[in-house]
Amino acid sequence: MPAVLTGHAQAQSTLNPAGPAARSLSGVSWFVYILFIVVAIVMWVLIWRMATRRRGTFDEHAPVDVGGGQSWVLVGGFIIPAIILAVIFIPGLAIMRRFPIHDQKMNYETAPEIRLTGHQWWWEARYVEGSPDMHFATANEIHIPVGHPVDIELSSADVIHSFWVPNLSGKVDLIPGQVNRMRIEADRPGVYYGKCAEYCGAQHAHMMIVVVAQPEGEYAAWRAHQLESASAPSTAQEVRGQELFLSSPCSLCHMIRGTPAGGAVAPDLTHLASRRGIAANALENDKANISAWVTHAQALKPASMMPNVTQFSGDELQALVAYLQQLR
Ligand code: CUA
């Protein structure tokens, strides 16, 4: 397991729900588990009876009596499974009805709308709140206010991905050329990890997303900070790092708001240092990992779009990383 997934985060589990949708799903899960345990017990009793009934009296030349056997096949193989599937289907439909997502418009004062785009292999998140000056983008980590439903629009830039944060909700696919919607809500603060749940190529396993659910005040502070431009470098080393970033290919792919770096094909780095992970949370966000990611991305995540950037000397790399680490 990547280092970033350890620490204080909650384990990904559908059985530890932290929101209304996940709670309903975990209710159905328990119902299904208990039902299956009952079915398994009945099966083992029948097998035991069959195994013990004819002991000592079996005659391989006796005619086989299939009359009773056929009704067992009909009842046990068709009627009972049909009833069980119908009984599971009904609460499933009821849950789908309870989580309609087009019924009410969100109040952007208290909750954002997030446009989430799947890329091979990272998550682009755009916060959209009506006016264009209330927009910002982040990557691989979204924050939401506790106790408020948040609408997410899901689409893909390349292949099919799937958004799944087990503690908060079920899965919804991100499909190229189509916009899917879902609504998530957390009823207690926490850091909830999600994964891409649809095989999408070589680095599918390294496509994680973090959902940070915060009390309203903390969320508002995070949002206000994300709306700001990037912090300006202060030390000589950081200034040099910025010059290197802006004069190298880095700025062709990545955006840092408030600087000329305006690339739109890779994660927005404006507040990179405020995030928990890098490389779609495959690596913890620290100095050593950023250096390694810049110089050896193709060893860490082969086939990803991030190239190995080998043009920097040791001093230059340190300056670049110092600059990136002050983008809080
Ligand atoms: Cu994206 Cu699997």
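The values are calculated or read from the model by the stated rules, or taken from the named source; none is laboratory data. Since we're looking at a predicted model, the values are computed, not measured. Neighbour counts run over all protein chains shown; Cβ positions are idealised from the backbone, glycine included. Surface areas here come from the heavy atoms of the whole protein model, side chains and all, with no ligands, DNA or RNA. Shrake-Rupley method; radii C 1.70, N 1.55, O 1.52, S 1.80 Å.
Overview of results
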{"quantity": "Largest-first ordering by accessible area, 1.4 Å probe, given options Leu116, Leu283, Leu246", "calculated": "Leu246, Leu283, Leu116"}
{"quantity": "Ellipticity estimate at 222 nm from DSSP helix runs (n ≥ 4, -39,500 (n - 2.57)) divided over the chain, nearest 500", "calculated": "-11500 deg cm²/dmol"}
{"quantity": "Heavy atoms of Tyr219: accessible area, 1.4 Å probe, square angstrom to 10", "calculated": "10 Å²"}
{"quantity": "If the convex hull is drawn through the Cα atoms of segment 236-325, its volume per residue in Å³", "calculated": "88 Å³"}
{"quantity": "Kirkwood hydrodynamic radius (C-alpha pairs) into Stokes-Einstein, the chain, 4 °C and 1.567 mPa s, D in µm²/s", "calculated": "57 µm²/s"}
{"quantity": "Solvent-accessible area per residue, Å², over the chain with all protein chains present [probe radius 1.4 Å]", "calculated": "53 Å²"}
{"quantity": "Additional length obtainable on full extension of the chain from Phe89 to Ile34, 0.36 nm per residue less Cα span", "calculated": "18.3 nm"}
{"quantity": "The chain: DSSP helices with Cα axial extent of at least 30 Å and average Kyte-Doolittle hydropathy no lower than -1.0", "calculated": "20-53"}
{"quantity": "Protection proxy ranking, peptides 21-29, 231-239, 139-147, average beta carbon neighbours within 10 Å, highest first", "calculated": "139-147, 21-29, 231-239"}
{"quantity": "Sequence-distant residues sharing a close amide H with His143 (under 5 Å, placed H)", "calculated": "Val212"}
